[in-house]
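Note sheet for the following structure.
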Amino acid sequence: MISLKRRDMFSATAIGMLPVVDVIRPEVAEAATACVAGSAVKAIPLSDVRLLPSPWLTAVESNRRYLLSLEPDRLLHNFRRLAGLDPKGEIYGGWENDTIAGHTLGHYLSALSLMYAQTGDAECLRRVHYIVDELETVQKKQGDGYVAGFTRKGSGGKIEDGKIIFTEILNGDIRSGGFDLNGAWSPLYNIHKTFAGLFDAQTYCGNQKALAISILFAGFFENFYKRLTENQLQKVLQCEYGGLNESFAELFARTQDDRWLELARKTYDRKSLDPLVAGKDNLAHLHSNTQIPKIIGLARISEVSKAPDFSTASHFFWDRVTGHYSFAIGGNGDREYFFEPDSISQHLTEQTCEHCCSYNMLKLTRQLYVRDPHADYFDYYERTHLNHVLAAQDPENGMFTYMTPMITGSVRGWSDPANDFWCCVGTGIESHAKHGDSIWWETKDGLSVNLYIPSRMYWRKENIGFTLETGYPYDGAVSLKVTSAETPKCFVLSLRIPGWVSGKPEVSVNGEKIDGVVRDGYLVLQRVWTTGDQVSLILPMSLRTESPSDDRHLVTLAHGPMLLAADLGPVEDTHDMITPALVTENLVEDLQPVTGQAAHFQTSHAGRPGQLTFVPFYAQYRRRSGLYLQCFSADEWRTEEQKFREEQRRQKALAARTVDVMYLGEMQQEHDHGLTSKDSYPLIYRNRNGRDVRRDGFIQFTIGVRQGPMLLQTTMWRQDIEKSRGFRMLIDGSALPPGKIEGPSRKGFADIVVDIPVTLTQGKSKVTVRIEPPPGRSAGPFFGVRVFQKS
């Protein structure tokens, strides 16, 4: 199909001769992944850090159990089958049984490699080498450097080998959308995960064969790119490509072969990246996790090639996302998309904070910190790492969330161990394999501590061992001890002073209080250090409230680094209570600590309709929570109560005129109304059940009517009405006239009300309603349909 150059074929024959190193030394890892020559900081290798008991160690151990419960041969199923080899295991379900199949293997290879570095688990190492050997076998059988496991839907919906899309594209047949490329689901995104897994196998497990496989695979793409015009390549890159640009830049960093840097620069979609390079925010309504990996790629290209324009773009992007698009827990996105900047209050839904986005934002943050080591970067890193990443794994069973809902009363939906394999499962198994990777940092003049996670560390450069013990994040007392030093050493120990600290930190060395110097967000201690030296640091924690810029009445509560949320009961209980609110002039003064429970607080008088208990949000794995709550003064609350009563009266009057209601997305309701559909899916959004209708699909059902003038009403989220403009509603095959929008003009649920011609209901007690999207587009979600009499 695509032939490799002679030099690439020589590399292919040499793969089997490359040695596999059982244990990689930190200096090898550092050489392979060095970010910026001459950088002021670099992380202490993960292999030299061991976590001590804490929520992070619990997460790592839970994740390790899950990783070892998975079967590599099942994840390798498509790789072998599509290469003409017999699979050794049955394919998993969920996404692994869809056209994106194979993406999990890259994540899994990364997670095993990181877990080996984090824990030294020999079984993780064995699996890494086994998977790489299998990929080598697959690549040799393919014969052209290709090694992937995705499929595609061909004509008539037939599932085919995804490799065929490259032949079609080279023949000028390019059908590229947001997540679909010639019938395959984000294939270049998928391939980026394979590259990333191979690089991690080399970095953390010393597997040089993984690098050789990567070189051959990149050669496949080199030949593919060369046969495309720039316009054709831009069309291909309209489909999500993950961080494929980062993969090629990383390959250049490891080989110093300019071919791969050229590929990295070519993997650049002008439509989304040109504005960011120019310093223009074009993010609203773009898919969040499609953009973040591209920016990571730009940052990596900048690191390895000194491209200042790309560096500026990555800093600009980070500033915009963290400052204007992120929720209190650090996550971003509603239904996976960036919304309008500074509009947090309009997007508190079940579909917020996709885990992949935070995984990638932390990766980008770490990159930018290496280039520009300021403590502010780790204020964001700490917030997101604690309040979102930890919240997205259930430590009891190791399962993961896709979204972390911001809406009051919602619950976290957990993955199935063998039948989901969402992208967020992939980033989840990586995130919880490396909690020790950003605690300790080597600087030009010493050592920095950026995260207060209990751990022990060996600083190989100076042959010094440290331990860090703390009750963080529940209290701010931190103890650092020099556990071993071959000889006394003079160096600077820099301790990050987080932005949330209230009051002056206290520090003592060997029991003696000292006045440390604070510089660039760090408490700086310089002395001759020796075995047994101990630093005690007190970071004062207090309660505080935060509000998004677009709604001063909306508050979140924090205690030190931790976001607290109202505990609204177990997930087994339905949430049909009135959304709680707070009525007070000063919430912090109204709160009292709960005796015997760290970081638990209870309102004294402010809670409505009753008093509320606030607990750490991240740990509400099986509890309903209220993170963002409305807070009013007494006068404001009286006005709000009046609005509530008026709405109740309106709903009561509407109910009296209602003939029939069809609640979309509810199983019994849909059954009772005989719903049929094509390419339509139920969902829950802002605590309401509904259904969307995808391109070329429909929903259809029966609903009751009476004689006389009638109205048909469907409910949508206000901002979705414009996106769905042109959708059709039909009764018994006859199209209804356009409806009138009733409800809020900016945010909230709005109704589309249509007059039903009397001729369509005459002599009938039921009619068939059909909803169709505009040609070539999707529509919805729709949150119910109501038929009622004109007043």
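A few remarks follow.
- Normalised contact order of the chain, rounded percent, pairs of Cα under 8 Å and 6 or more residues apart: 10 percent
- Comparing Cα centroids, segment 497-532 and segment 217-275 end up 46 angstrom apart.
- Accessible carbon and sulfur surface of the chain relative to its total accessible area, %, 1.4 Å: 50 percent
- Since only 159, 414, 709 are under comparison, the one whose Cα sits farthest along the positive direction of the charge dipole of the chain, derived from C-beta charges on Lys, Arg, Asp and Glu, is 709.
- Gap separating the Cα centres of segment 756-770 and segment 631-662, nearest whole Å: 31 Å
- Using a cutoff of 8 angstrom between alpha carbon atoms and counting only pairs six or more residues apart, the relative contact order for segment 234-273 works out to 47 percent.
- Judged by the mean number of other Cβ atoms found within 10 Å, the most tightly packed of the peptides 607-618, 720-731, 541-552 leads the ranking 607-618, 720-731, 541-552.
- Average Cα contact separation per residue, segment 62-181, under 8 Å, 6 or more apart, as relative contact order %: 24 percent
- Each principal axis of segment 105-253 carries a Cα extent, and these read 48, 34, 28 Å when sorted largest first.
- Distance between the pseudo-spin-label points of residue 635 and residue 518 (7 Å out from Cα toward the beta carbon): 3.7 nm.
- Contour excess over end-to-end distance, with Cα ends at residue 282 and residue 718 and 0.36 nm allotted per residue: 154.8 nm
- Binned Cα-Cα distances of segment 210-295, short to long, each 10 Å bin given as a whole percent: 16, 46, 30, 7, 0
- Computing percent of Cα pairs over 39 Å apart for the structure here picks out one of (i) 51; (ii) 66; (iii) 42, namely (iii).
- Packing, taken as the mean count of other beta carbons within 10 Å per residue, orders the peptides 743-753, 53-63 from highest to lowest as 53-63, 743-753.
- Cα gyration tensor category, rounded, prolate or oblate, for segment 652-791 with a/c compared to 1.5: rounded
- Per residue, in Å², the accessible surface of the chain once ligands and nucleic acids are set aside, probe 1.4 Å: 39 Å²
- Each helix, a run of at least 4 DSSP H residues, gives -39500 (n - 2.57); summed and divided by the residues of the chain, these come to -10500 deg cm²/dmol at 222 nm.
- As a rough guide to protection, the peptides 709-718, 274-283 ranked by mean Cβ packing within 10 Å, highest first, stand as 709-718, 274-283.
- Reachable aspartates and glutamates, given that their alpha-carbon falls under 12 Å from the alpha-carbon of residue 226 and they are not under 8 places away in the same chain: 262
- Our compactness index for segment 434-481, the C-alpha radius of gyration over the empirical 2.2 N^0.38 Å, is 1.14.
The values are calculated or read from the model by the stated rules, or taken from the named source; none is laboratory data. Remember, it's a predicted structure, so these values are computed and weren't measured experimentally. No Cβ is skipped: glycine too gets one built from the backbone with ideal geometry, and neighbour counts run over all protein chains shown. Side chains are part of the model used for accessible areas, which takes the heavy atoms of the whole protein and leaves out ligands, DNA and RNA. Shrake-Rupley method; radii C 1.70, N 1.55, O 1.52, S 1.80 Å.
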